[in-house]
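Accompanying notes for the structure given below.
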């Protein structure tokens, strides 16, 4: 007989289309969405599928921030070195 502790994470309930829409709307709210990504990624009672989505989203955000800093740093360096003057 299989008990709840023997079940794999594949037995998690399917997330409905409506719940995904609500999730995406919440993540679109500037500060609230960012905080909720952390709650879903590292919260204990979150569906594993949603937790993985939140972790992947946080990784994408981190990559975007690093690329943004590299771009701004390159731009500032070019301006200060006179590389953009005629």
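Among the numbered conditions (1) modelled with pLDDT under 95; (2) over 30 Å from residue 11 (Cα atoms), the only one that residue 46 does not meet is (2).
Taken over the stretch 20-38, the criterion of being without any contact (Cβ under 8 Å) to a residue 12 or more places away in the chain and exposed (fewer than 13 other Cβ atoms within 10 Å of the Cβ) is satisfied by 21, 22, 24, 25, 28, 29, 30, 31, 32, 35. Among what's in the stretch 43-59 and is out of contact with any helix residue (DSSP H, G or I) (no Cβ under 8 Å at 6 or more places or on another chain) and surrounded by 10 or more Cβ atoms within 10 Å (Cβ to Cβ), pick the residue that is farthest from residue 16 (Cα to Cα). That would be 59.
Close Cβ contacts (under 6 Å, 6 or more residues apart or on different chains) running from residues in the stretch 40-59 that are in contact (Cβ under 8 Å) with a residue 12 or more places away in the chain and on the phi < 0 side of the Ramachandran plot to residues that are surrounded by fewer than 16 Cβ atoms within 10 Å (Cβ to Cβ) and assigned to a helix (DSSP H, G or I) comprise 41/55; 48/9.
The values are calculated or read from the model by the stated rules, or taken from the named source; none is laboratory data. Since the model is a prediction, treat every value here as computed from it, not as a measurement. Counting neighbours? That spans all protein chains shown, and the Cβs are built from the backbone with ideal geometry, glycine included.
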